[in-house]
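Asker: The structure under discussion is supplied below as structure tokens; questions concerning it will follow.
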Amino acid sequence: MEYAYDDWCLGQMAKVLGKTDDFKLFDERSNNWCNLFDPKSGFIRPKDEQGNWIEPFDPYHIPGFTERNAFNYS
């Protein structure tokens with residue numbers, strides 16, 4: 001999530017500087033947060049090494065988050 005936000009910020013800077021190719025690169029990468037959004041639960045959720053949602057799901061406390069939880073990131 002933090003990297004997606006960072007990429008969005010870099011893309012906005014590139015856009016202001018007129019660096020179209022860099023803007024496109026970072027803008028596309030900023031959408032990687034979508035890979036962590038679970039439409040069934042409506043939350044951002046971490047995945048295991050195989051790409052599966054970590055279960056059981058508790059939005060207040062779940063392995064995979066540091067200093068926050070699913071509510072904060074969603």
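Asker: Residue 54 is checked against (1) closer than 25 Å to residue 12 by Cβ; (2) in contact with a Gly (Cβ under 6 Å, 6 or more places away or on another chain) and fails just one. What number does that condition carry?
Answerer: The single condition residue 54 does not satisfy is (1).
Asker: Okay, next question. Please go through the range 15-46 and give me each residue that is over 14 Å from residue 73 (Cα atoms) and in contact with a Leu (Cβ under 8 Å, 6 or more places away or on another chain), ordered by number.
Answerer: Residues satisfying the conditions are 22, 26.
Bear in mind that the values in this text are calculations on the coordinates, not laboratory data. None of these values were measured; they are calculated from a predicted model. Neighbour counts are summed over all protein chains in view; Cβ atoms, including those assigned to glycine, are modelled from backbone coordinates with ideal geometry.
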